[in-house]
1. Roughly how much of A:D225 is accessible, in Å² to the nearest 10, using a 1.4 Å probe?
2. Measure nothing but the geometry: give the 0 to 90° angle between the long axis through the Cα atoms of B:338-347 and the longest principal axis through the Cα atoms of chain B, rounded to 10°.
3. As I understand it, the value is the acute angle between the Cα axis of helix A:41-58 and the longest principal axis of the Cα atoms of chain A; what does it come to in degrees, rounded to 10?
4. Residue by residue through segment B:209-223, what is 3J(HN,Hα) from phi via Karplus (6.51 cos²θ - 1.76 cosθ + 1.60, θ = phi - 60°)? Round to whole Hz and write x for glycine and proline.
5. Give me a single rounded figure for A:175-181: the average over its residues of other chain Cβ atoms within 10 Å of their Cβ.
6. In percent, how large is the relative contact order of segment B:88-148, given Cα pairs closer than 8 Å and 6 or more residues apart?
7. Using amide H atoms built in the peptide plane, which far-off residues or other-chain residues are under 5 Å from A:L320 H to H?
8. For segment B:88-148, with all protein chains present and a 1.4 Å probe, just round the carbon and sulfur fraction of the accessible area to a whole percent.
2 protein chains.
Amino acid sequence: MDIKKDSTKSEKIEDLAKRRGFFNQSSEIYGSLSGLYDYGFLGASLKRKWEALWRKHFLDEDFAFEIETTNIMPEPVFRASGHLENFIDPTTRCKKCGTVHRADHIIEEFLGESFEGLSAEKLTEIIHRHRVKCPKCKGQLEDAATLNMMFPLTIGTGEGTKPYLRPETAQGVYVNFSRAFEQLRKKLPLGLALIGKAYRNEISPRNLLIRQREFTQAELQIFFDPERIGVHERFEQIADYKLRLFTLADKKSNTITEITCKDAAAKLKLPQFYVYHLAKIQKFYLDVLKLPIDKFRFRELSEEERAFYNRIHWDIEINLESLGGFKEIGGLHYRTDHDLKGHGKISGKDMSISIDDRRFIPNVLELSFGVDRNVYALLDLSYHEEGDEKDRRIVLRLPQLLSPFDFALFPLVNKDNIPEKAQEIKKMLKEKGFGIFYDDSGSIGRRYRRMDEIGVAKCITIDHQTLEDSTVTIRDRDTMTQIRVKIDDISSYI
Amino acid sequence: MDIKKDSTKSEKIEDLAKRRGFFNQSSEIYGSLSGLYDYGFLGASLKRKWEALWRKHFLDEDFAFEIETTNIMPEPVFRASGHLENFIDPTTRCKKCGTVHRADHIIEEFLGESFEGLSAEKLTEIIHRHRVKCPKCKGQLEDAATLNMMFPLTIGTGEGTKPYLRPETAQGVYVNFSRAFEQLRKKLPLGLALIGKAYRNEISPRNLLIRQREFTQAELQIFFDPERIGVHERFEQIADYKLRLFTLADKKSNTITEITCKDAAAKLKLPQFYVYHLAKIQKFYLDVLKLPIDKFRFRELSEEERAFYNRIHWDIEINLESLGGFKEIGGLHYRTDHDLKGHGKISGKDMSISIDDRRFIPNVLELSFGVDRNVYALLDLSYHEEGDEKDRRIVLRLPQLLSPFDFALFPLVNKDNIPEKAQEIKKMLKEKGFGIFYDDSGSIGRRYRRMDEIGVAKCITIDHQTLEDSTVTIRDRDTMTQIRVKIDDISSYI
């Protein structure tokens, strides 16, 4: 199932991204800091379109609302969430050159095996036993230590509490739960969504947009009655829908379990409320974003892999050729009452609610998506090359809904009233709400190629015939065929 | 429905905001940090709608594109921009209680006069001369000192360069200019927009959303040829449009100069390119956001008030009753080549471009908007109270485009197939793209009031008659009149 790692595809994507305006290293004129990326005009558009589709799909429920909370949050938030104590990375410093490495990563590179999640003590033992050396200078390594991955700040004149940049957006929702519950008429389930930045001081950021120090998350936190996790009122609607699961048992055989939602509940003992949202997520990827079905799966995490507070945790994974296989781009986490309970304890505020004469702390189902990872995944999946070295065509086969512009518009020549006609058509299409990219320089062939590699699906050319019979040519990105259509019919080609 | 009796308007807005879900202090269950606010579901919706209208109005130009850049940026960026040296606030510490104050602010409170922009030396002199005391404990104050208002961070293991959270979004655009110019076919003018967070370590944040430590800016940076500042190709379109200016000369008489764009260029010697964008901004406020005309003005800044690199600088101001007068909510800044030149110097990269055989550094016209300030302004302007203590009605007279929902939908009773009919209508309206708030609890009168105070303009009630003749009542927020209309005609009431 895994695709052979194509070591140059990620370089090709990066090249295209920088050249055309999807993304580039942040502040690159200063040599940049690793793990920070800026979005150019095409990347920003792709990201916003993804976010709009996400909102439409996941917030189209009566119980779901979006909020926005600050990136800076005070220390007690992270005492309550456990981040102060547990959000740490193992590091090791080279005795010779002084470089600080992420301990588990360099051991993994050295021994070709994953050691994620091991304690500093265990990693130190492995470093000694296998004589792991500094990958930079081959020097001896110090014992592994831990580093908290949050960014602390000094606020005001630094005399009060020490705040942090949030390492996940979720806590911003949890600290606002009580107020939102009150405002939204004290009903469960209650969904609170947030699209925003999170920050992690990664020791070794890597893989372009995949592991960054500053990144965007889109999350929906659903607060619900834990006694009702076994049911979902609309479960019947998805009972026969087939999920693509990579269970712990599938790991050995490297297969996928295709299983109906009904069976996932009955045979795999997954609660209906959880299964319903697996289906909702899968439909987003297959029906809305139109991913090829074999590129998508949910991966079950083992008990060692998942955070202790996640009772159920499956990652959303997409198979990315440029990164050599399935990569996590989100997850569905049953976080129980861990967070609200923690905030209740540290803040002294009662987080329990009363419904039907029962008093309890709502449980949380978290639908979590790395937005930058999703953007990168879309670029990986849609990037194609055709032809040979002499005549190579790069095509970004983005689905229409994610294409940066609905149409490109080319006046064949810049004279004979053709530009005027093109401007007129542009105005008409803009008024209909279409996004238009106007390009009047270079041969038509070159203009097509420029649009192909940024994913514009339809190019319209205005020529002399247009002036005579009000027709234009529409050229299709994927088939490269051209047809002649009436100006009035253009919009039906979307 | 409980409104505070003798509170000021800003307290009333804050009370409504917290109670209903516009905004509240961030992490308030922990007592919060001052100058940080979270948006509830209504505030987040209002903010997103404002941003969408802003994009539609300002990016509807062939030359304007949106990008997105990181909040974390390396130190040299701020050496180049001047923030490291100049972005400082004057502070003074109380010798008795140790509190650190913003020096100019407490002198202003003490003497009732503005001292913004004075140096620490000057402020120290005033403290001594007027024996200014600590407002908290009446203790003696130390000499004024300065504090850089940026938030520094430690990245990785802290061995490289020290990054900062950006204090303005603009620098993210400037460091990306060369690449974007290349990607967008080397044409001027080139507009690069960015909506994002900025961070300032204010010593005394105040006025709710107005002066925060973390806030959102929406900015359009237009790079242009300085030789063309005197012209704008579409100036004729706005030549007779009347601007509302509060010039330096108007200050004494406290009047407004109403002047056509033509005259602003001819008599006030403002360049056409600048005047065109004054008109564009004013139209956004008066035509799109539909502000009452007398609430809006541009204020000319004196040479002492404006940053040294702004050759022309007018603030966008809105008259906010809750804050006692006109307040800055944005500005139009002719920043010359200050920023690109600075980045060229510090990065060693050539920032000049070549057009028509001339080589020059593009100049920048910055259209800058504080998004949170705009949101607050909209709340201030639309907040109204009617009636007396016994029966007070709060109405948020938001324009339709900014209303959190297009319609509220009420089943008169929760039986007799009325909820089913209501759900059916909801589905139909949602499919037409309308935002719907469904409320089925409490008397209809109370439900109306709940919608009035969050600004929903139209409430639809489904009753027994609906089942018979497919009509509903639509009640108007502002006039409180009710009319009976056919279900099929509902959408025409927007």
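The values are calculated or read from the model by the stated rules, or taken from the named source; none is laboratory data. These numbers were taken from a predicted model, which means no experiment stands behind them. Ideal geometry is used to build each Cβ from the backbone, glycine not excepted, and the neighbour counts take in all protein chains shown. Areas reflect the complete protein model, heavy atoms only, side chains present, ligands, DNA and RNA absent. Shrake-Rupley method; radii C 1.70, N 1.55, O 1.52, S 1.80 Å.
1. 20
2. 60
3. The angle comes out near 60 degrees.
4. So the Karplus estimates, Gly and Pro as x, are 7, 6, 10, 10, 8, 10, 8, 10, 10, 10, 9, 10, 9, 9, 8 Hz.
5. Across the residues of A:175-181, the mean count of other-chain Cβ atoms within 10 Å is 5.
6. Over segment B:88-148, the number comes to 46 percent.
7. A:G325, A:F326, A:K327
8. In segment B:88-148, the share of accessible area belonging to carbon and sulfur is 47 percent.
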